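Structure, as structure tokens:
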There are 4 protein chains.
Amino acid sequence: MTISLRRARTIIRKALEKGREMELKPLSVVVLDAGGHVQAFEREDGAAPGRFPIAHGKAYGAVMLGMAGTAQMKRAEDQAYFMAAVNGVYGGQVIPVPGGVLVRDKKGTVIGAVGVTGDTSDNDAIAAMAGIDAVGLTGEI
Amino acid sequence: MTISLRRARTIIRKALEKGREMELKPLSVVVLDAGGHVQAFEREDGAAPGRFPIAHGKAYGAVMLGMAGTAQMKRAEDQAYFMAAVNGVYGGQVIPVPGGVLVRDKKGTVIGAVGVTGDTSDNDAIAAMAGIDAVGLTGEI
Amino acid sequence: MTISLRRARTIIRKALEKGREMELKPLSVVVLDAGGHVQAFEREDGAAPGRFPIAHGKAYGAVMLGMAGTAQMKRAEDQAYFMAAVNGVYGGQVIPVPGGVLVRDKKGTVIGAVGVTGDTSDNDAIAAMAGIDAVGLTGEI
Amino acid sequence: MTISLRRARTIIRKALEKGREMELKPLSVVVLDAGGHVQAFEREDGAAPGRFPIAHGKAYGAVMLGMAGTAQMKRAEDQAYFMAAVNGVYGGQVIPVPGGVLVRDKKGTVIGAVGVTGDTSDNDAIAAMAGIDAVGLTGEI
């Protein structure tokens with residue numbers, strides 16, 4: 001199973017809506033597939049230009065390691081050199097903080113990840129979860 | 001002036017609609033801003049996983065060089081080593097073929113680029129132009 | 001659907017058996033999943049040490065582009081600068097010759113790729129197909 | 001002397017069996033030769049897609065430095081900048097934690113390394129040792 005483009009669009013819209021409802025700063029949201037490849041992305045007007053690689057990095061690490069942003073952050077805090085080394089083997093593409101949310105289907109299989117950036121990491125994760133909830137999938141922050 | 005997210009969405013939708021109308025293979029469409037940074041992207045269901053970097057590479061070269069895909073291709077055919085060297089300085093991120101379309105406002109200023117991939121380069125460019133036309137901007141293939 | 005480890009093992013064994021039956025040079029065989037990630041690999045005794053990245057590069061380009069080795073080679077011959085640029089966006093990881101074989105399920109969906117290296121490109125592709133046939137999947141050389 | 005493919009297969013199978021016996025998460029196991037080059041690899045069903053580079057990074061550092069994962073981790077904890085610099089010269093390919101196990105022959109010569117990832121670093125190392133023991137070689141965690 002994978003995240004269809006239709007569902008990816010809904011995830012992004014609902015995450016952005018949540019951000020506006022919570023009066024967050026402009027958000028950027030990426031949806032990756034189960035192989036860590038980009039399916040859809042949107043950056044709100046007013047967001048800084050470099051937001052794509054940040055959103056991507058949060059979601060990419062989650063898919064590649066099978067570990068959501070919160071767990072990555074804990075590992076980075078406990079063992080900084082380990083997450084630095086992980087970034088080496090993944091080409092420097094991992095941002096190990098909340099806002100990188102694993103997406104699972106009903107059986108618990110990881111089918112992709114959502115990456116949100118723009119506000120605090122915790123608020124980014126809340127916005128991501130709003131998108132994932134809206135399509136009936138399970139998120140792991 | 002820049003391409004708003006609202007307009008970027010319309011560009012992508014209309015490009016994808018054009019692809020379906022012409023019965024092209026599944027397309028992927030990126031919109032970059034005037035600085036070459038990703039604003040929005042969608043990959044249709046059934047497209048190969050690696051389509052983001054190809055779409056991005058077509059649009060990125062167009063913005064960074066201020067030269068659309070067709071002109072880049074001509075340059076690559078005339079002087080392959082030049083485009084190879086350009087790719088050196090741009091981190092290997094340029095795909096110099098049609099489907100990378102410059103977007104200009106009414107004064108002729110470049111405000112971004114659209115990159116389309118999935119079918120032949122010429123068809124990719126037609127789909128990109130359909131999106132750009134739909135928002136009243138000027139495309140240069 | 002994906003290629004299970006059990007099936008990946010059979011693909012590799014049957015490809016190696018085919019190589020021995022045809023008296024090819026020592027082969028190396030990789031199986032990638034639908035996202036281009038390594039699932040299984042074996043290098044026969046006597047093969048050169050650098051065979052993993054070659055096998056990987058054949059299969060990786062096939063998955064990422066959704067285009068098997070033979071079609072990639074044709075494109076490289078027709079438009080060398082295009083395949084060079086594609087390699088730029090994929091981090092230099094693509095080897096565009098036969099021996100990179102797409103694997104499809106019964107519906108025609110790409111579920112991975114097999115990369116074989118060690119003998120001539122054409123013989124490498126024959127060995128890959130023997131492995132894919134053995135598990136009842138469809139290969140595209 | 002080197003690790004034959006036959007032995008590499010046994011190492012991988014026995015490491016995976018140990019993982020199942022201990023009820024670990026799905027494991028990925030790589031065997032590298034004395035030059036740090038990939039000989040064989042398997043990723044169990046259910047493991048995250050990005051496990052190859054992690055398994056590889058554990059074993060690669062062990063071979064290249066002649067120092068097993070536990071000693072590398074100690075060095076990273078004592079002198080993080082040193083392991084970061086080592087990663088610079090080795091292209092960012094080293095993961096300095098347990099689960100990267102040196103393999104020695106009866107004379108004590110390093111003939112390769114095994115890298116295991118998927119569970120805790122300590123459990124990964126136990127699984128690697130089970131594989132190495134099964135072929136009568138000596139492991140150094």
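Here are the numbers for this structure:
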quantity: Which listed residue, of A:Asp133, A:Asp124, is in a helix (DSSP H, G or I), touching a residue at least 40 places away in the same chain (Cβ under 8 Å) and either within 9 Å of the chain's Cα centre (by Cα) or within 26 Å of C:Gly91 (Cα to Cα) (or both); calculated: A:Asp124
quantity: Selection status of B:Gln72, under 20 Å from B:Val89 (Cβ atoms) and crowded, with 24+ Cβ neighbours inside 10 Å; calculated: yes
quantity: Meets criteria (among the β-branched types (Val, Ile, Thr), more than 25 Å from A:His37 (Cβ to Cβ), touching a residue at least 60 places away in the same chain (Cβ under 8 Å) and in contact with a strand residue (DSSP E or B) (Cβ under 6 Å, 6 or more places away or on another chain)) for D:Val63; calculated: no
quantity: Every residue from segment A:82-110 that is under 30 Å from D:Glu77 (Cα atoms), touching a residue at least 40 places away in the same chain (Cβ under 8 Å) and of a type in the set (Val, Ile, Thr); calculated: A:Ile95, A:Val101
quantity: Number of the exception - B:Ile95 against (1) farther than 28 Å from A:His56 by Cα; (2) within 16 Å of the chain's Cα centre (by Cα); calculated: (1)
quantity: Answer from A:Phe52, A:Phe82 - the residue that is under 25 Å from B:His37 (Cα atoms) and of a type in the set (Phe, Trp, Tyr); calculated: A:Phe52
quantity: Strands (runs of 3 or more DSSP E) contained in segment A:1-110 and holding at least 1 residues under 27 Å from B:Gly115 (Cα atoms), within 14 Å of chain C (Cβ to nearest Cβ) and out of contact with any helix residue (DSSP H, G or I) (no Cβ under 6 Å at 6 or more places or on another chain); calculated: A:28-33
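Here, each number is a calculation from the coordinates, and none is a lab measurement. What you are looking at is a predicted structure, and each value in this text was computed from that prediction instead of being measured. Cβ: placed from backbone, ideal geometry, glycine included. Neighbour counts: every protein chain shown.
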